[in-house]
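Remarks on the structure that follows.
The values are calculated or read from the model by the stated rules, or taken from the named source; none is laboratory data. Please read all numbers here as calculations on a predicted model, not as lab measurements. Every residue, glycine among them, receives a Cβ derived from its backbone with ideal geometry; neighbour counts consider all protein chains shown.
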Amino acid sequence: MIHQYDEPVYLISIVAKVLEIHPQTLRQYERENLVTPSRSNGKIRLYSQKDIDRIKLILRLTRELGVNLAGVDIILRLKENVDIMEQDILELRQEVLKVKNSQTVSHDKALVTKKSTYEMIIFKK
């Protein structure tokens, strides 16, 4: 059975075993808001493949690069911001390409500038 990338299906014990870490480590990551697993109706933590990949990144940062959890938090937030900006850039590029191909600009995207020059004359008595 194939699951979606962000579908929560893995129990904490399975994730801990696959990643060769203690379940308490996963609980610590959750307390530090580094990962947020879903919860079942019985409040059992369920992890998605997306969560697992995020945990792998956390492990790489801490084990191989020696980053502490506060640093990991900053890195992950910066990565999320970069991902959002990259998506925005992609959408803007597609919009520019669409406009270039159509050779017209929609009315809501049109920019009209009006330049006015005012001269002030002061009369002295």
TODO: Check Leu97 against each of (1) at pLDDT below 95; (2) exposed (fewer than 10 other Cβ atoms within 10 Å of the Cβ) and name the one condition it does not meet.
DONE: (2)
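Quick one: which of Arg31, Arg60, Arg45 is touching a strand residue (DSSP E or B) at 6+ places or on another chain (Cβ under 9 Å) and without any contact (Cβ under 8 Å) to a residue 40 or more places away in the chain? Walk me through how you get there before you give the answer.
Values: Arg31 fails: touching a strand residue (DSSP E or B) at 6+ places or on another chain (Cβ under 9 Å); Arg60 fails: touching a strand residue (DSSP E or B) at 6+ places or on another chain (Cβ under 9 Å).
Arg45 is the lone residue from the list that is touching a strand residue (DSSP E or B) at 6+ places or on another chain (Cβ under 9 Å) and without any contact (Cβ under 8 Å) to a residue 40 or more places away in the chain.
Take the stretch 19-68 and flag every residue that is of a type in the set (Ser, Thr, Tyr) and either closer than 15 Å to Val9 by Cα or not in a helix (DSSP H, G or I) (or both).
Narrowing the stretch 19-68 to residues of a type in the set (Ser, Thr, Tyr): 25, 29, 36, 38, 40, 47-48, 62.
Correct list: Thr36, Ser38, Ser40, Tyr47, Ser48.
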TODO: Identify all residues within the stretch 75-93 that are surrounded by 12 or more Cβ atoms within 10 Å (Cβ to Cβ) and either more than 10 Å from the chain's Cα centre (by Cα) or outside any helix (DSSP H, G or I) (or both); write none if there are none.
DONE: Ile75
- [ ] Scan the stretch 40-78 residue by residue and report those that are modelled with pLDDT under 95 and either among the basic types (Lys, Arg) or in contact with a Phe, Trp or Tyr (Cβ under 7 Å, 6 or more places away or on another chain) (or both).
- [x] Lys43
